[in-house]
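Take a look at the structure below.
Each reported figure results from applying straightforward, stated rules to the coordinates on display, with no laboratory input. What you see is a predicted model; the values in this text were computed from it and never measured. Cβ: placed from backbone, ideal geometry, glycine included. Neighbour counts: every protein chain shown.
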Amino acid sequence: MIGPTGCGKTEIARRLAKLCGSPFIKVEATKFTEVGYHGRDVDQIIKDLVSAGIHQTKENLRNKLKSFSSEIDTIVEEYLLSHLLGPDFPENERKEVKREQLRSGKMDQRMIYVEIPDLEKIVERNTQADALSIEDYLDTLKRYKPGRTLQAYKEKIQIGEAKKTLATQITEGYMKEQNIIKEALEAVQEHGIVFIDEIDKIATSADAIKTGTNPSAEGVQRDLLPIIEGTMITTKHGDVQTDHILFIASGAFSETRPSDLLAELQGRLPVRVNLKALQKEDLKRILTEPENNLIKQNTELLKTEKIDLKFTPEAVDRIAEIADEINKTIENTGARRLTTVMEKILEDISFNALDYENQEVVVTAELVNNKVKDMTKQTDLRKYLL
């Protein structure tokens, strides 16, 4: 991907990974050095991708377990009732009263001795299957009663704290039973995405004298070749084959050209896309269309200070226009320019938030013009510099 800074190269890759549910990692090409020099080798990219894959697999399992949260709460409740009333206490009115007190949080401050169960042993003893489903795992835990073993570890703890600890243990216990590493390695090998940013910074321009003194230049390109082509990388979790991993490289290429990269590397990155710089209309859409756009972020932020912030449609238009104007005349920083302009407009309101408490503040086009006139003044001066 070739395009100026702030035009959304990284965002495209992130969205792509999110839509596919793929393990994703963004790396800066300049952070790596040639093999033999002090610094990070390019193998580290795949190792980091495996770590991201494991984290994502765990997160997916946690989300899966969230749909069983009411069952987990019931197991924790029964387990704590067994401690309060004894494991074989019959179902009667007294037990119901205690259950109600537990649920409402009235007993949260009370200290009791809780037997911390060894979930691994419990599951091992009661099941024969290799791969446990969530339902079987929770059924096994429902049958377990405390006080059956003398060697059990007991801890003095508040009931409110015990609820959280036991619920976390049940979630983590199930994750230990699953083969997370195997699943993560498969996900990484089959649909992992690596985004290599600033690839233009390791390209050596054709007319530059190649002295070989920069350990982050041509050597890094050579080291990237086998990984992109497909090779076996050894990580602490196992071997990873990189044949089917998608590599996306990006750079602004303002001082160099894609043809300055090694011919072999160009051949291994066959799809080339040129991204245009953002225009006024694009900036306006960025301000209004995303779910958590800049306007919403600032409105919510000032809501915490009891300020009701509103933007008129004309003000939004003007913000986009000014950002576009500064990008064209001073320096093009793309969508990042919107944050600078927005910060300048809300500077006074943010710092004097107490004066605006419980008030409605409306940002109009006039206010925008007053606040950013210094920024545009600099623009006018630049025109006359030789």
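A few remarks follow.
- Order by protection proxy (mean Cβ within 10 Å, highest first), peptides 333-343, 296-306, 221-231: 333-343, 221-231, 296-306
- Rounded to the nearest 10 degrees, the angle from helix 159-177 to the longest Cα principal axis of the chain is 70 degrees.
- Sum of side-chain charges, THR312 neighbourhood, beta-carbon under 12 Å (Lys, Arg +1; Asp, Glu -1): -1
- Label-to-label distance, LEU84 versus ASP41, with points set 7 angstrom from Cα along the beta-carbon direction: 5.8 nm.
- Förster-model FRET efficiency, 22 Å R0, ASP73 and GLU300, C-beta, rounded to 0.05: 0.10
- Checking the Cα-Cα distances for LYS296/LYS344; LYS106/LYS142; LYS284/LYS371; LYS31/LYS182; LYS201/LYS371; LYS9/LYS31 against a 26 Å cut-off, the pairs over it are LYS31/LYS182; LYS201/LYS371.
- The magnitude of the dipole of the range 259-340, with charges of +1 and -1 set on the Cβ of Lys/Arg and Asp/Glu and taken from the Cα centre, is near 100 debye.
- Separation between Cα centres of the range 174-188 and the range 1-72, rounded to whole Å: 17 Å
- Only Cα pairs under 8 Å and 6+ residues apart enter the sum, and on that basis the relative contact order of the range 20-174 stands at 25 percent.
- For the range 333-353, backbone nitrogen atoms closer than 20 Å to the point 7 Å from GLU366 Cα along Cα-to-C-beta are found at 345-349.
- Dipole orientation for the chain: of the candidates ILE295, LEU261, TYR113, TYR113 has the Cα lying most toward the positive pole (charges on Cβ; Lys, Arg +1; Asp, Glu -1).
- Among GLN359, GLN189, LEU224 - extreme Cα towards positive end, dipole of the chain, charges at beta-carbon: GLN359
- Listed residues LEU246, LEU262, LEU19, most fluctuating in the chain (Gaussian network, C-alpha, under 10 Å): LEU19
- Peptides 66-72, 78-84, 263-269 ranked from most to least packed give 78-84, 263-269, 66-72, packing being the mean of other C-beta atoms within 10 angstrom over each peptide's residues.
- The chain: antiparallel DSSP beta bridges as a percent of all, rounded to 5: 35 percent
- Nearest-20 debye value, the range 229-294 charge dipole, Cβ charges on Lys, Arg, Asp, Glu: 240 debye
- Taking ALA29, ALA315, ALA187 in turn, the Gaussian network model of the chain (Cα-Cα springs below 10 Å) assigns the largest fluctuation to ALA315.
- For ASP136 and LEU246, a Förster radius of 35 Å and the Cβ-Cβ distance give a FRET efficiency of 0.45, rounded to the nearest 0.05.
- Rounded to the nearest 10 degrees, the inclination of helix 336-351 to the longest alpha-carbon principal axis of the chain is 70 degrees.
- Within the set (1) 81, 78, 58; (2) 91, 62, 32; (3) 177, 73, 50, the number that Cα extents along the principal axes in Å takes when calculated for this structure is listed as (2).
- Report note on the peptides 37-44, 193-200: ranked by the mean count of other C-beta atoms within 10 Å, highest first, their order is 193-200, 37-44.
- Tensor-based shape of the range 230-338 (alpha-carbon gyration tensor, a/c under 1.5 rounded, otherwise prolate or oblate): oblate
- Cα-centred dipole magnitude for the chain, charges only on beta-carbon of K, R (+1) and D, E (-1), debye, nearest 20: 360 debye
- Between helix 9-20 and the chain: long-axis angle, C-alpha atoms, 0 to 90°, nearest 10: 30 degrees
- By the rule of a C-alpha distance below 17 Å, with chain neighbours fewer than 8 residues away ignored, the lysines paired with LYS154 are LYS121, LYS145, LYS163, LYS164.
- Helix-only [θ]222 nm of the chain, DSSP H runs n ≥ 4, -39500 (n - 2.57) each, per residue, nearest 500: -17000 deg cm²/dmol
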